[in-house]
1. Among the residues of the range 119-131, which ones are in a loop (DSSP other than H, G, I, E, B) and touching a strand residue (DSSP E or B) at 6+ places or on another chain (Cβ under 6 Å)?
2. Inside the range 129-142, can you point out the residues that are surrounded by fewer than 13 Cβ atoms within 10 Å (Cβ to Cβ) and either of a type in the set (A, V, I, L, M, F, W, C) or free of Cβ contacts under 8 Å to residues at least 60 places away in the same chain (or both)?
3. For the range 75-111, which residues satisfy the criterion of being over 17 Å from Ile132 (Cα atoms) and at pLDDT below 80?
4. Looking only at residues that are more than 13 Å from Gly75 (Cα to Cα) and aliphatic (A, V, I, L, M) in the range 107-128, which one is surrounded by the most Cβ atoms within 10 Å (Cβ to Cβ)?
Amino acid sequence: MAARSLPSGDDADGDGIVAEINITPLTDIFLVLLIIFMVTTSVVSNQGKEVDLPSSAVASTTPSGVSVTVTAVGGIEVDGVEVAEANLPSVLKAALDKAREKIVILRGDKKVLLGQAVNILDIAQEAGAQGIALATKPPAPGES
């Protein structure tokens with residue numbers, strides 16, 4: 001019995017099978033998934049607890065920084081993560097250390113008491129915030 005060699009891709013006779021993986025469709029799928037994740041993370045970062053922001057007639061751009069949200073019932077979130085008020089200084093300092101801009105954006109419900117807002121702003125300043133912004137919503141048509 002004669003020994004046969006396995007066919008290779010360099011076979012001049014054309015009898016061999018060329019097994020090649022085309023990764024172009026796989027790359028296309030990964031790029032589409034990357035775009036989907038990028039879009040959904042930008043949408044998700046603007047969501048969170050329902051907060052009824054006060055309205056303002058003056059429009060301005062929203063700076064990037066660390067977002068602190070205070071709900072109507074007094075719950076506090078830093079960048080979408082719920083935080084106990086006792087842990088706020090350490091969590092806020094860690095978030096400011098990671099942030100590119102050292103700005104704290106306070107998103108407080110209309111029903112939040114001024115004393116609680118001032119307390120949070122004091123904690124933000126002690127944590128190293130270089131600027132503070134108050135988040136508002138544009139007034140509804142007919143409101144002023």
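1. To start, the set of residues in the range 119-131 that are in a loop (DSSP other than H, G, I, E, B) comprises 127-130.
If the condition is that a residue be in a loop (DSSP other than H, G, I, E, B) and touching a strand residue (DSSP E or B) at 6+ places or on another chain (Cβ under 6 Å), then Ala129 is the only one that fits.
2. Within the range 129-142, Gln130, Ala140, Pro141, Gly142 qualify.
3. Step one: of the range 75-111, the residues over 17 Å from Ile132 (Cα atoms) are 75, 80-87, 90, 110-111.
Scanning the range 75-111 gives Lys110, Lys111.
4. If we filter the range 107-128 for residues that are more than 13 Å from Gly75 (Cα to Cα), which is where we start, we get 110, 114-115, 118-119, 121-128.
Next cut, aliphatic (A, V, I, L, M) only: 114, 118, 121, 123-124, 127.
Values: Leu114: 8, Val118: 10, Leu121: 16, Ile123: 20, Ala124: 28, Ala127: 20.
The qualifying residue surrounded by the most Cβ atoms within 10 Å (Cβ to Cβ) is Ala124.
The values are calculated or read from the model by the stated rules, or taken from the named source; none is laboratory data. Bear in mind the structure is a predicted one, so any value in this text is a computation, not a measurement. Note that we place each Cβ from the backbone using ideal geometry, even for glycine, and neighbour counts take in every protein chain shown.
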